[in-house]
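> The structure's right below; bear with me while I get my questions together.
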Amino acid sequence: MSREHIEYGLAWKYDAARIQRALERSNVSLLAAFDRGSLVGFAMMEFGDERAHLVLMAVRPTHRRRGIGRRLLEWLVETALTAGIESLHLELRATNDAARRFYRALGFGETILVPRYYAGTESALRMVRVLRAPLPAQLTWQPPRHWC
Ligand SMILES: CC(C)(COP(=O)(O)OP(=O)(O)OC[C@H]1O[C@@H](n2cnc3c(N)ncnc32)[C@H](O)[C@@H]1OP(=O)(O)O)[C@@H](O)C(=O)NCCC(=O)NCCS
């Protein structure tokens, strides 16, 4: 699904072996949606301490606009909220209007355009959804006890 619906026209990076390796890491969640036993959608998110990154997401064309993408992403947002994540990040082809509208509908906003991000030719659009205000920075520097 990644090759057909996300990476089309680019070298295929997210093959089965790579997805398998990602799944072996405890900070990666992958959701799959099935219709009568057939895979119709999936989403993969990688979690850091403060930020999470939506790595891949697709729904088969036959099953789009039925709320499957929304359900997958909302589940991941809920997981991120439970984990105390501050913000969700993703990038997509700048020309992918359908996905841009989808992410906007799910509360994401555009941040920057990255020229030639994909294979040195196609631009990417970065989007973010802030889940909570940042925590105060931990100050490691302390003034000396006897200042003067
Ligand atoms: C983006 C994608 C995952 C959306 O999945 P989906 O299951 O069709 O999305 P949903 O049905 O849950 O849509 C939720 C809302 O998003 C918006 N939306 C989704 N697709 C849209 C489109 N083509 N045009 C405009 N708005 C759209 C709508 O507001 C929609 O709500 P509505 O149907 O009640 O109007 C799907 O189009 C897809 O797989 N695209 C190809 C792969 C891709 O581009 N992945 C993302 C980049 S990595």
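Since every read-out is calculated from the coordinates, none of them should be taken as a lab result. Since the structure is predicted, the reported quantities are computational estimates derived from the model, not experimental observations. As a convention, Cβ positions derive from the backbone with ideal geometry for all residues, glycine included, and neighbour counts pool all protein chains shown.
> Restricting to segment 82-121, and then to whatever is crowded, with 16+ Cβ neighbours inside 10 Å and acidic (Asp, Glu), can you tell me which residue is farthest from the ligand (Cβ to nearest atom)?
Among those residues, the one meeting the criterion is Glu86.
> Which numbered condition in (1) more than 8 Å from the ligand (Cβ to nearest atom); (2) more than 22 Å from Gln20 (Cα to Cα); (3) of a type in the set (D, E, K, R) is the only one that Arg71 fails?
The number of the failed condition is (1).
> Do any residues in segment 49-67 that are near the ligand (Cβ under 7 Å from one of its atoms) have Cβ atoms under 6 Å from those of residues that are part of a strand (DSSP E or B), where the two are at least six apart or on different chains, and which pairs are they?
Filtered contacts from segment 49-67: Leu56/Met44; Met57/Ala43; Val59/Gly41; His63/Val40.
> Do any strands (runs of 3 or more DSSP E) entirely within segment 75-145 hold 2 or more residues that are among the aromatic types (Phe, Trp, Tyr) and either in contact (Cβ under 8 Å) with a residue 60 or more places away in the chain or closer than 21 Å to Arg51 by Cα (or both), and if so, which?
Fully inside segment 75-145 and qualifying: 109-118.
> May I ask you to say which residue of Ala52, Ala43, Ala32 is surrounded by 12 or more Cβ atoms within 10 Å (Cβ to Cβ), part of a strand (DSSP E or B) and out of contact with any helix residue (DSSP H, G or I) (no Cβ under 8 Å at 6 or more places or on another chain)?
Step by step, each of Ala52, Ala43, Ala32 is checked, and only Ala32 is surrounded by 12 or more Cβ atoms within 10 Å (Cβ to Cβ), part of a strand (DSSP E or B) and out of contact with any helix residue (DSSP H, G or I) (no Cβ under 8 Å at 6 or more places or on another chain).
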